[in-house]
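Here is the structure we will look at, set down as structure tokens.
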Amino acid sequence: MKQLSQFYKTKYFQILFAIFAFLVVYYRRTEIILDPQFWAEDGAAWFANAYNLGAFKSLFLVQDGYFQTLSRIVAIVAMLFPIIKAPLIFNFSALIVQILPAIFLLSSRFEKLISNFNIRILLVLLYLFLPNTAEISGNITNAQWFLALLAFMVLIAKSSDRKSWKIFDFLVLLLAGLSGPFSILLLPIAFFIWFYKRKKSYFQNFIIIFSTAAVQIFGIFYLDGGERIAIIPDITVKLFFSIFARQIVWGSLIGVNGYMWILNNISWYFIFFAFSTFLALVLIVYALFKSLFELKLFIIFGLLIFISSLISPTGLPKDHELEFLSQLTTGNRYWMIPMCSFLVTLVWGLSRKSHIVIKIISAMFLTTAIYGAVVDFHHLKFVDYQFRSEIEKFEDFPSGHQMSIPINPYGWEMELIKR
């Protein structure tokens, strides 16, 4: 048993686990590697901008009001290869970013915060098999959400004096801060951690987050003119709790397929969802008062993202944004981090220090999560738009010719101008 516990700490275990994690996320939608195509902004914005405008110029463009550095860098790397290989580079890079939080959680940096290795394994499995994530899995456009989760983990993890870890922390926080608006939401988290722990390394993390948040605020209000937050959708109590129940509570437990089964087979589903959501809220409020400092911050971070997503969603029909977000298949990207914080709260609810009622509620919910991991494992397959044949046509055109190439999801196109 002692030898096994020591094996968990070796680089060989880390390598084996990284392979396992990669295979799990890959098997949820195999065509992203076997028959790779661009997804949404991967082709329509990041690659098209890099190809049409040039790598350097595209790197400093804002999209939806903020800088998207991770996506731009991957597009620049993809430019070094033939166009036909670009989707594979995008998708492979996205899967690597997606599994990084799982690998990091099992590292020595979390031994003090979560000393029980079996609990960390459970958390990792819940993350890898998380339902309600079809939109965000395997594409660079939404990899920023996984990077934001990793940045939060860097902030709460035990600091290290090793140079390699210091470089890792700096790169993660810098890249996450410059890839989406998350540094703005991470700013209070970084400040509270530094104020609570008063260590130089945590102050340095706060400075990085503060600096990148300033850059993103500059992009939102100066370069984009504040259009991203100019119109705030009407938020009602009913819509707020409808989205919270469908997307966060039951989205994280049973996903799309499980949710539809309940709608079709339980006539009193409204009472079922209302009561279970009330229990989830009781658990969350209890954890905010009784749990570890780091879990409280994770709940707060998830809540900040949830509220921000309701205030400023994108890519949805105007004047009906929140109605669409209340549908289980819409806006998966907004719910990933809040769902993770809810599941971590459930695992904490089973701890010995929790009240017996909290333990029972947590156990019931986590048992349900096993069902969700199974029925919502496979993501809906992408439409095959014959990307290879489209690129072969494009390659035959003379310089200056513009071509629209259809990509997933339905209705999206990538506009390329032949060099």
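The values are calculated or read from the model by the stated rules, or taken from the named source; none is laboratory data. Keep in mind that what you see is a predicted model, and the values were worked out from it rather than measured. With ideal geometry, Cβ positions are generated from the backbone for all residues, glycine too; neighbour counts draw on all protein chains shown.
Summary table
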quantity	calculated
Scan of segment 189-222 for residues that are free of Cβ contacts under 8 Å to residues at least 12 places away in the same chain and either within 21 Å of L295 (Cβ to Cβ) or among the aliphatic types (A, V, I, L, M) (or both), ordered by number	F195, K197, R198, I207, A214
Restricting segment 153-170 to residues that are small (G, A, S) and in a loop (DSSP other than H, G, I, E, B), the residue that is farthest from S341 (Cα to Cα)	S160
Enumeration of residues in segment 46-70 that are within 24 Å of I84 (Cβ to Cβ), hydrophobic (A, V, I, L, M, F, W, C) and either buried (at least 21 other Cβ atoms within 10 Å of the Cβ) or modelled with pLDDT of 95 or more (or both)	W46, F47, A48, A50, L70
V97 being over 21 Å from T30 (Cβ atoms), among the β-branched types (V, I, T) and either in a loop (DSSP other than H, G, I, E, B) or modelled with pLDDT of 95 or more (or both)	no
Complete set of residues in segment 12-32 that are surrounded by 16 or more Cβ atoms within 10 Å (Cβ to Cβ), over 24 Å from S107 (Cα atoms) and of a type in the set (V, I, T)	I32
Conditions (1) under 25 Å from L292 (Cα atoms); (2) surrounded by 15 or more Cβ atoms within 10 Å (Cβ to Cβ); (3) out of contact with any Asp or Glu (no Cβ under 7 Å at 6 or more places or on another chain): number failed by L178	(1)
Among residues of segment 367-403, those that are surrounded by 12 or more Cβ atoms within 10 Å (Cβ to Cβ), free of Cβ contacts under 8 Å to residues at least 24 places away in the same chain and either of a type in the set (A, V, I, L, M) or in contact with an Asp or Glu (Cβ under 9 Å, 6 or more places away or on another chain) (or both), counted	3
Members of segment 18-41 that are acidic (D, E) and either free of Cβ contacts under 8 Å to residues at least 60 places away in the same chain or out of contact with any strand residue (DSSP E or B) (no Cβ under 8 Å at 6 or more places or on another chain) (or both)	E31, D35
Failed item, numbered, when I370 is tested on (1) assigned to a helix (DSSP H, G or I); (2) over 23 Å from the mean Cα position of the chain (by Cα); (3) aliphatic (A, V, I, L, M)	(2)
